[in-house]
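Here the structure comes first, spelled out in structure tokens, and everything after it is commentary.
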Amino acid sequence: MRILALALMCAALVGSALAQGDKPAEMSPEEMMKFYENAAKPGPEHAMLAQTAGRWNCVVKSWMDPKGEPEVSEGSEEAEMIFGGRFLRNHFKGSMMGKPYEGMGNLGFDNVKKKYVGNWMDSMGTGILTYEGEYNPQSKELVCRGSFADAMTGKDMACKLVSRFVSDDQHVFEMWGPDPTGAEVKWMEITYNRAK
């Protein structure tokens, strides 16, 4: 794995040189390595994600019919920063539609894209949801757009993911997607309370 990581870094360095013409060619290998190291440093956006590390008790509401009453269940989540504080890894355990449910995701801030990026996988499928978005410091909301392969149609299904940071000890996650008419409706809401 270490060899693979080094090979990917070398490929990135060469790719940058080819894509940007003579400018990177003027840099020494040491200067180029320093450039990439600086681009990989965790910043304030990563520190914000670190505030949600820890153990959480969760109340989950999910809607099969957006006009009906939600199904309510409980779960727990453990979150930790990984890779030197660059990504937040979440591991959720609970139930969904009366069956045991488990999921895992990764969330980070891409210093190059200047966006939050993430993915999610769980015990209800074999695909991976990927997404990216931006944080609004005024509303304290992280709003992301993503997609996953829908098992019913075989096509990509778009969704919106919203995280509202209420306090250091509580945040609320919402997942929105299209109803049969194409209108965007709330599919799920999870309230996280920090475990004491």
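In the set Asn57, Asn111, which member is within 19 Å of Glu174 (Cβ to Cβ) and either in contact with a strand residue (DSSP E or B) (Cβ under 8 Å, 6 or more places away or on another chain) or modelled with pLDDT of 90 or more (or both)?
Being within 19 Å of Glu174 (Cβ to Cβ) and either in contact with a strand residue (DSSP E or B) (Cβ under 8 Å, 6 or more places away or on another chain) or modelled with pLDDT of 90 or more (or both) holds for just one of Asn57, Asn111, which is Asn57.
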Quick one: in region 54-79, which of the residues that are open to solvent by less than 20 Å² (accessible area, probe 1.4 Å) and touching a His at 6+ places or on another chain (Cβ under 8 Å) is nearest to Tyr135 (Cα to Cα)? Ala79
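Please determine whether any residue of region 41-53 is in a strand (DSSP E or B), out of contact with any Cys (no Cβ under 6 Å at 6 or more places or on another chain) and either touching a residue at least 60 places away in the same chain (Cβ under 8 Å) or open to solvent by less than 70 Å² (accessible area, probe 1.4 Å) (or both).
Start the filter on region 41-53 by keeping residues that are in a strand (DSSP E or B), which leaves none.
No: zero hits.
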Scanning region 98-132 for residues that are in contact (Cβ under 8 Å) with a residue 40 or more places away in the chain and within 15 Å of Lys41 (Cα to Cα), which turns out most open to solvent (accessible area, probe 1.4 Å)? Val112
Odd one out for Asn90, checked against (1) surrounded by 17 or more Cβ atoms within 10 Å (Cβ to Cβ); (2) in contact (Cβ under 8 Å) with a residue 60 or more places away in the chain: (2)
Can you tell me which residues in region 149-177 are open to solvent by 50 Å² or more (accessible area, probe 1.4 Å) and in a strand (DSSP E or B)? Ala149, Asp156, Ala158, Arg164, Val166, Ser167, Gln170, Trp176
Checked against (1) surrounded by 13 or more Cβ atoms within 10 Å (Cβ to Cβ); (2) modelled with pLDDT of 95 or more; (3) not charged (D, E, K, R), Ser95 satisfies every condition except (2)
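The values are calculated or read from the model by the stated rules, or taken from the named source; none is laboratory data. Since the model is a prediction, treat every value here as computed from it, not as a measurement. No Cβ is skipped: glycine too gets one built from the backbone with ideal geometry, and neighbour counts run over all protein chains shown. Note: areas computed on protein heavy atoms with side chains; ligands, DNA, RNA excluded. Shrake-Rupley method; radii C 1.70, N 1.55, O 1.52, S 1.80 Å.
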